[in-house]
Amino acid sequence: MAPLTSLLEPVTIAGLPLRGRFAMAPMTRYHSPGGVPTAEVAAYYRRRAEGGVGLIITEGILVDHPSAGHETDVPRLTRGPAEQGWRLVTSEVHAAGGRIAAQLWHQGSERGRDAWTPMSMKGKDFEILLNAYAGGARTAVRAGFDAIEIHAAHGYLLDEFLWPLSNRRTDRYGGTVRNRAAFPAEVIRAVRHEMPAGMPLVVRFSQFKERDFGARIADTPAELATVLDSFVTAGADVLHASQRRFWEPAFDGDRRNLAGWAKHLTGLPTITVGSVGLHHDPARLAELAARREDGEFDLVALGRILLGNPGWVRLAASGRFGEIRDYRKSDEETYF
Ligand SMILES: Cc1cc2nc3c(=O)[nH]c(=O)nc-3n(C[C@H](O)[C@H](O)[C@H](O)COP(=O)(O)O)c2cc1C
């Protein structure tokens, strides 16, 4: 299909060569017993690489601190078996011609009982978590990942610092927009410090929270610029602007989406995401390609449509839409 052509050409993003502009969005799948990704997990990611995805972003991987999350089948990023499991994942993806980023995750108040939140953290807690993120980054580098993504979206810990409703601190981590971005920026700096020069660091952020779709970390482009400037100064190379529908404008009076604003305000490459390909809709795909050509974003992440259609990119590239199944909720229960 002609309109997709420009999304299918090889591209280099922040020094990382990719076979095309489609990425796989991070999706938690609960298939890593004891926090260890199995050979089945490696095969799951390999299948998406074989299906034509250029950059896979893993499901959220819990950083090594008990407060990060309690589910036992969500993967960890620790020395030993988890590191070995990820080594298999990265080598399988590479063998299929793909690239893969590890998403570092701390659930904040979403963890439930004994949660660490912007309002409960004090004293040495900040340093403890910076060390947990840094340790995760070191393990990711050893395990063969091509990039790291920091999850600062959707109402989890780092996003809770950014959001005024969950961060009412009055010290240097709260109050102004810049102060609210201070701890996320320290995390970015700590992770960047562990990464080789030339390895891209992606930061994922959003306005919405899973518990509040109308929430906002920035009411104006100027506030967004302040947040993103803190991320860039701390070492972010790529910004992944999460929204639920890619075609929705981020601010009134301008059609650009959140990734479009992020790219405009920082000059960094950006990733867009949100309901791409969920249902067969040639006009939406043409709009996606046109927005890319207008320079709104550099990569396009696919989430739910890849659950039931690991080969979506290859099929769409050759116009075989009849072989693509529309997304349905039950796809989230399958794992292959
Ligand atoms: C089952 C599922 C799990 C998800 N887990 C994560 C996650 O671990 N980290 C994250 O940043 N986003 C997560 N998301 C959000 C997706 O990355 C993506 O932004 C969202 O699904 C919208 O893209 P889509 O419309 O193409 O599915 C998850 C989404 C789904 C459906």
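Here, each number is a calculation from the coordinates, and none is a lab measurement. Since this is a predicted model, take the numbers as computed values, not measurements. FYI the Cβ positions are ideal-geometry reconstructions off the backbone, even for glycines, and counts take in every protein chain you see.
Could you work out the local net charge near G136, counting Lys and Arg as +1, Asp and Glu as -1, over the other residues with Cβ closer than 9 Å to its Cβ?
Surrounding charge for G136 is 0.
What net charge do the residues around A234 carry, taking every other residue with its C-beta under 13 Å from that of A234, with Lys and Arg at +1 and Asp and Glu at -1?
Taking every other residue near A234 into account, the sum is 0.
Would you mind calculating the gained length between R328 and D125 on full extension (0.36 nm times residue separation, minus the Cα-Cα distance), in nm to one decimal?
Between R328 and D125, full extension yields 68.9 nm more.
Restricting to Cα pairs below 8 Å that are 6+ residues apart, what does the relative contact order work out to for the chain? Please round to a whole percent.
18
So if I average 1/r over every pair of distinct C-alpha atoms in region 28-186 and take the inverse, what Kirkwood radius in Å does that give?
16.1
In nm, give the distance between the simple-model label positions of D252 and D281, each being 7 Å from the Cα along the Cα-to-Cβ direction.
For the pair D252/D281, the computed spacing is 2.4 nm.
Would you give the gap between the C-alpha center of region 124-195 and the C-alpha center of region 220-265, rounded to a whole Å?
When both Cα centres are located, 18 Å separates them.
Taking the Cα centre of the chain as the origin and placing charges on Cβ (Lys, Arg +1; Asp, Glu -1), which of L299, A115, H279 is farthest toward the positive end of the dipole?
The residue sitting farthest along the positive end of the dipole is A115.
Any aspartates and glutamates with Cα under 17 Å of the K124 Cα? List them, leaving off those in the same chain fewer than 8 positions away.
Partners within reach: D64, D114, D171, E186.
From the P(r) of the chain, could you give the percentage of C-alpha pairs in the tail past 36 Å?
Tail of P(r) above 36 Å: 13 percent of Cα pairs.
List the GluC sites (Glu not before Pro) in region 192-251 that DSSP assigns to loop (not H, G, I, E or B) and whose Cβ has at most 15 other Cβ atoms within 10 Å. Which are they?
E210
Between beta-carbons, use under 9 Å as the cut-off and find the net charge around Y335, counting Lys and Arg +1, Asp and Glu -1.
Residues near Y335 contribute -1 overall.
For the pair R79/R168, report the inter-label distance in nm, with labels modelled 7 Å from Cα in the Cβ direction.
4.2
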